[in-house]
Amino acid sequence: ALRRVFETGESVQLQFEFPKDGEDAYFDNTLVPETDEVGEIQSVLCVAHDRTRTRRAELALQAADRRKDEFLAMLA
């Protein structure tokens with residue numbers, strides 16, 4: 001992704017998931033090229049947003065929905 005930013009000069013969006021403190025952590029990242037006065041890319045800035053709480057809430061809702069469906073299927 002970093003190579004692509006240097007080659008194209010365009011920002012890149014990435015999502016990462018990795019273990020942290022025994023649980024998964026989720027991050028949205030944006031790689032942004034930084035240019036000099038003549039327009040050549042000199043560096044790339046990475047902006048990271050921790051979306052762990054939001055993603056864990058989404059997963060909990062999905063699990064609850066799955067349990068509800070299983071319960072309703074059992075009743076049927």
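The values are calculated or read from the model by the stated rules, or taken from the named source; none is laboratory data. Computed from a prediction, not measured in an experiment: that's the story for all the values here. Note: ideal-geometry Cβ built from the backbone for every residue, glycine included; neighbour counts use all protein chains shown. The accessibility values were calculated without ligands, DNA or RNA, using every heavy atom of the protein model including side chains. Shrake-Rupley method; radii C 1.70, N 1.55, O 1.52, S 1.80 Å.
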Amide hydrogen neighbours beyond the local backbone of residue 51, cut-off 5 Å, H modeled | 26, 27, 28
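Normalised by the number of residues in the chain, what is the relative contact order in percent for Cα pairs under 8 Å and 6+ residues apart? All intermediate terms of the calculation are to be shown ahead of the outcome.
On the way: 94 pairs, mean separation 17.2, N = 76.
Relative contact order, the chain: 23 percent.
In Å², what does the accessible area per residue of the chain work out to with a 1.4 Å probe? It would help to have the intermediate numbers written out before the result.
Details: 6130 Å² over 76 residues.
Roughly 81 Å² per residue, with all protein chains present.
Calculate, for residue 14 and residue 57, the FRET efficiency according to 1/(1 + (r/R0)^6) with r their C-beta to C-beta distance and R0 22 Å; round to the nearest 0.05.
On the way: r = 21 Å, r/R0 = 0.97.
FRET efficiency, residue 14 to residue 57: 0.55.
How compact is the chain by the rule of thumb for globular proteins, expressed as Cα Rg over 2.2 N^0.38 Å?
Numbers: Rg = 19.9 Å, N = 76, 2.2 N^0.38 = 11.4 Å.
For the chain, the normalised Cα radius of gyration comes out at 1.74.
Using r as the Cβ-Cβ distance of residue 32 and residue 71, and R0 as 35 Å, what FRET efficiency do you calculate, to the nearest 0.05?
Calculated transfer efficiency: 0.15.
If I take R0 = 22 Å and measure r between the Cβ atoms of residue 21 and residue 44 in this structure, what FRET efficiency does the formula 1/(1 + (r/R0)^6) give, to the nearest 0.05? Before the final figure, lay out the partial values.
Values: r = 28 Å, r/R0 = 1.29.
Once rounded, the FRET efficiency stands at 0.20.
When the accessible area of the chain is split by element with a 1.4 Å probe, what percent falls to carbon and sulfur? Provide the component values of the computation, followed by the final result.
Numbers: 3180 of 6130 Å².
That fraction is 52 percent.
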